[in-house]
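Below: one structure, written as structure tokens.
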Amino acid sequence: MENAPPDDSPFFEVSDLRRGFGGHEVLRGVSFSAPRGRTTVILGGSGAGKSVLLKHLNGLLRPEAGTVRVLGHEIGPLSERELAPIRRRIGVLFQGGALFDSLDVGENVAFPLRERGEKDESRIASRVAEVLDMVGLPGQERKMPDALSGGMRKRVSLARALAPQPECLLCDEPTAGLDPILSESITRLLRRLQEELALTSVIVTHHLGAMRYVADQVVFLKDGTVRYIGPVAGFESCPDAAVRKFIAADEIGRG
Ligand SMILES: Nc1ncnc2c1ncn2[C@@H]1O[C@H](COP(=O)(O)OP(=O)(O)O)[C@@H](O)[C@H]1O
Ligand SMILES: [Mg+2]
């Protein structure tokens with residue numbers, strides 16, 4: 001086939017990406033593709049460069065060398081203005097998932113809709129209700145963020161990211177700071193959203209259990225290099241020393 005159908009092309013294509021800060025090289029030639037409609041998990045210990053890598057996927061950070069392509073467009077050289085239409089296709093749930101504490105849940109979730117120029121109040125209200133329902137918080141519009149548990153705040157942040165119907169979701173440590181039960185419930189929710197909405201997701205985590213549950217593809221990072229890329233089953237049996245050590249440490253951590 002000369003012209004593959006565009007939907008077969010990856011959502012993200014990262015090629016030999018290098019990036020450092022103040023002389024310290026954090027990403028040392030990272031390459032991977034994230035297929036559409038699938039969940040790619042970027043796994044690794046703390047300081048591996050996972051968050052730095054994720055921030056390159058929507059142009060929050062720019063490569064020093066190498067390329068990042070989103071739907072075929074190289075984004076490294078784009079201006080903020082040129083990036084805007086690409087960013088609109090990508091929802092983000094960053095670590096901490098900062099909500100606006102002075103706005104209630106409904107206004108937090110409505111925020112990206114208003115930002116995009118939506119003015120029809122009944123359309124805004126119905127979309128807000130729909131995504132709150134999706135994340136298991138129906139009817140919580142009038143709650144203030146302070147009144148919510150960590151797990152609920154995470155869900156509201158997720159609802160806010162999903163409100164404008166992104167094609168893709170970037171998620172940094174979605175289970176960080178949650179107890180095991182909340183952590184499991186957010187993990188299940190991410191899996192269900194991926195199945196129901198056919199979202200392309202890239203999820204950063206150091207949590208092996210969450211990775212096992214959501215990943216279609218694993219990218220294991222260690223010191224800014226990819227030490228494994230492929231399906232979960234292959235990760236579990238990967239002979240790379242850093243991978244073995246990571247899996248063993250997790251087993252000890254769980255007792
Ligand atoms: N904005 C920044 N300025 C300087 N150093 C940074 C910055 N962001 C990340 N780093 C450094 O890059 C390395 C990798 O960070 P990060 O991607 O946050 O790791 P991870 O998310 O895997 O825990 C760390 O050593 C961190 O201190
Ligand atoms: Mg991080």
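If you go through segment 31-52 one residue at a time, how many are within 11 Å of ligand 1 (Cβ to nearest atom) and touching a strand residue (DSSP E or B) at 6+ places or on another chain (Cβ under 6 Å)?
At the first step, the residues of segment 31-52 found to be within 11 Å of ligand 1 (Cβ to nearest atom) are 42-52.
Pick out the ones that are also touching a strand residue (DSSP E or B) at 6+ places or on another chain (Cβ under 6 Å) and you get 42-44, 48-52.
Matching residues across segment 31-52 total 8.
Out of ARG160, ARG192, I need the residue that is closer than 27 Å to ARG88 by Cβ, part of a helix (DSSP H, G or I) and either of a type in the set (Ser, Thr, Tyr) or not assigned by TED's automatic domain parsing to the domain that holds ASP250 (or both). Which one? Write out each step before concluding.
Values: ARG192 fails: either of a type in the set (Ser, Thr, Tyr) or not assigned by TED's automatic domain parsing to the domain that holds ASP250 (or both).
One residue alone meets the criteria, ARG160.
Among the strands (runs of 3 or more DSSP E) confined wholly to segment 36-97, which include 2 or more residues that are within 15 Å of the chain's Cα centre (by Cα)?
Numbers: elements: 39-43, 65-70, 90-93.
So the answer is 39-43, 90-93.
Looking only at segment 184-211, count every residue that is within 16 Å of ligand 2 (Cβ to nearest atom) and over 30 Å from ARG114 (Cβ atoms) and tell me the total.
Just the residues of segment 184-211 that are within 16 Å of ligand 2 (Cβ to nearest atom), to begin with: 202-208, 210-211.
Among the residues that remain, those that are also over 30 Å from ARG114 (Cβ atoms) are: 205-208, 210-211.
Of the residues in that region, 6 qualify.
For segment 16-38, indicate whether the set of residues that are touching a residue at least 24 places away in the same chain (Cβ under 8 Å), away from ligand 2 (no atom under 16 Å from the Cβ), among the β-branched types (Val, Ile, Thr) and surrounded by 24 or more Cβ atoms within 10 Å (Cβ to Cβ) is non-empty.
no
So is GLY66 surrounded by 16 or more Cβ atoms within 10 Å (Cβ to Cβ) and either touching a Cys at 6+ places or on another chain (Cβ under 8 Å) or more than 24 Å from ALA161 (Cβ to Cβ) (or both) or not? Before the answer, list the steps.
Values: surrounded by 16 or more Cβ atoms within 10 Å (Cβ to Cβ): yes; either touching a Cys at 6+ places or on another chain (Cβ under 8 Å) or more than 24 Å from ALA161 (Cβ to Cβ) (or both): yes.
Judged against the criteria, GLY66 is a match.
Tally up the residues in segment 39-48 that are over 18 Å from ALA215 (Cβ atoms) and either β-branched (Val, Ile, Thr) or surrounded by 15 or more Cβ atoms within 10 Å (Cβ to Cβ) (or both), please. Show your work before the answer.
The initial filter retains those residues of segment 39-48 that are over 18 Å from ALA215 (Cβ atoms), namely 46-47.
Still in the running and either β-branched (Val, Ile, Thr) or surrounded by 15 or more Cβ atoms within 10 Å (Cβ to Cβ) (or both): none.
Result for segment 39-48: 0.
Would you point out the residue of segment 98-149, among those that are part of a helix (DSSP H, G or I) and among the small types (Gly, Ala, Ser), that is surrounded by the most Cβ atoms within 10 Å (Cβ to Cβ)? Please lay out each step first, then the result.
Residues of segment 98-149 part of a helix (DSSP H, G or I): 105-115, 121-134, 145-147.
Now drop any that are not among the small types (Gly, Ala, Ser), which leaves 106, 110, 122, 125-126, 129, 147.
Working: GLY106: 20, ALA110: 22, SER122: 7, ALA125: 13, SER126: 10, ALA129: 16, ALA147: 12.
Looking at the filtered set, the residue picked out is ALA110.
Residues being in a helix (DSSP H, G or I), more than 13 Å from VAL135 (Cβ to Cβ) and either within 16 Å of ligand 1 (Cβ to nearest atom) or in contact (Cβ under 8 Å) with a residue 12 or more places away in the chain (or both): count how many of those fall in segment 170-183. Outline the logic, then answer.
From segment 170-183, those in a helix (DSSP H, G or I) are 180-183; that's our starting set.
Going one step further and asking which of them are more than 13 Å from VAL135 (Cβ to Cβ), we end up with 180-181, 183.
Among the residues that remain, those that are also either within 16 Å of ligand 1 (Cβ to nearest atom) or in contact (Cβ under 8 Å) with a residue 12 or more places away in the chain (or both) are: 183.
Residues that pass the stated criteria total 1.
Working only within segment 54-79, note down all residues that are touching a strand residue (DSSP E or B) at 6+ places or on another chain (Cβ under 6 Å) and within 16 Å of ligand 2 (Cβ to nearest atom).
LEU54, HIS56, LEU57, ASN58
Check whether at least one residue in segment 135-147 is on the phi > 0 side of the Ramachandran plot and in contact (Cβ under 8 Å) with a residue 40 or more places away in the chain, and report yes or no.
Quick first cut of segment 135-147, residues on the phi > 0 side of the Ramachandran plot only: 136, 139.
Restricting the remaining residues to those that are in contact (Cβ under 8 Å) with a residue 40 or more places away in the chain gives 136.
Scanning segment 135-147, I find at least one residue that is on the phi > 0 side of the Ramachandran plot and in contact (Cβ under 8 Å) with a residue 40 or more places away in the chain, so the answer is yes.
Which of the numbered conditions does MET152 fail, given that it passes all the others? Conditions: (1) part of a helix (DSSP H, G or I); (2) at pLDDT below 95; (3) in contact with an Asp or Glu (Cβ under 8 Å, 6 or more places away or on another chain).
Result: MET152 fails condition (3) only.
The values are calculated or read from the model by the stated rules, or taken from the named source; none is laboratory data. If you're wondering where the values come from, they're calculated on a predicted model, not measured in any experiment. Cβ: placed from backbone, ideal geometry, glycine included. Neighbour counts: every protein chain shown.
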